[in-house]
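Colleague: Here you go, one structure.
The values are calculated or read from the model by the stated rules, or taken from the named source; none is laboratory data. All values derive from a computational prediction rather than experimental measurement. For neighbour counting, all protein chains shown are included, and Cβ atoms are generated from backbone atoms with ideal geometry for every residue, glycine included. Quick note on the areas: whole protein, heavy atoms, side chains included, nothing else; ligands and nucleic acids left out. Shrake-Rupley method; radii C 1.70, N 1.55, O 1.52, S 1.80 Å.
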Amino acid sequence: MSTRQARVYMATAAAMLAVFASALAFGIGGPQFTWTVAYSGSVVFCGIAALACWVAVRNTRGARSCSWQAMAAGLTGWTIGNLIWAYYALIRQ
């Protein structure tokens, strides 16, 4: 990945985070919309973190790769847990 691509990805993630934080802080759209944004954002940002760790696994070797694998596996589990939690909170209510 080039430096330019990395900057574009970081700027996109920062913009998404700003919109997410604003929606939560100001309660835009009412309580139900705020909860939907909160749960959806949690799943999305956990997924982005897990994906970034899996990319790091691919780009490293040796002990560092094992460390990134452990982090990536943990974040993947956390993402799946958040997805299940969001399903029960938003859909199954």
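Colleague: For segment 41-61, check the following and say yes or no: at least one residue is touching a helix residue (DSSP H, G or I) at 6+ places or on another chain (Cβ under 8 Å) and polar (S, T, N, Q).
Modeller: Filtering segment 41-61 for residues touching a helix residue (DSSP H, G or I) at 6+ places or on another chain (Cβ under 8 Å) gives 41-50, 53-54, 56-57, 60.
Okay, now just the ones that are also polar (S, T, N, Q), so 42, 60.
Yes; the residues of segment 41-61 include at least one that is touching a helix residue (DSSP H, G or I) at 6+ places or on another chain (Cβ under 8 Å) and polar (S, T, N, Q).
Colleague: Here's another thing I want to ask about it. Assuming Ile80 fulfils every condition listed in (1) over 23 Å from Ala6 (Cβ atoms); (2) within 12 Å of the chain's Cα centre (by Cα); (3) open to solvent by less than 60 Å² (accessible area, probe 1.4 Å) apart from one, which condition is it?
Modeller: (3)
Colleague: Report whether or not Ala73 is open to solvent by less than 70 Å² (accessible area, probe 1.4 Å) and farther than 19 Å from Ala6 by Cα. Give the derivation first.
Modeller: On the way: open to solvent by less than 70 Å² (accessible area, probe 1.4 Å): yes; farther than 19 Å from Ala6 by Cα: yes.
It is true that Ala73 is open to solvent by less than 70 Å² (accessible area, probe 1.4 Å) and farther than 19 Å from Ala6 by Cα.
Colleague: In addition: Restricting the search to segment 23-35, which residues are assigned to a helix (DSSP H, G or I) and open to solvent by 50 Å² or more (accessible area, probe 1.4 Å)? Give the derivation first.
Modeller: Step one: filter segment 23-35 for residues assigned to a helix (DSSP H, G or I), giving 23-26, 31-35.
Once the filter is applied, which keeps residues that are assigned to a helix (DSSP H, G or I) and open to solvent by 50 Å² or more (accessible area, probe 1.4 Å), segment 23-35 yields Leu24, Ala25, Phe26, Pro31, Gln32, Phe33, Trp35.
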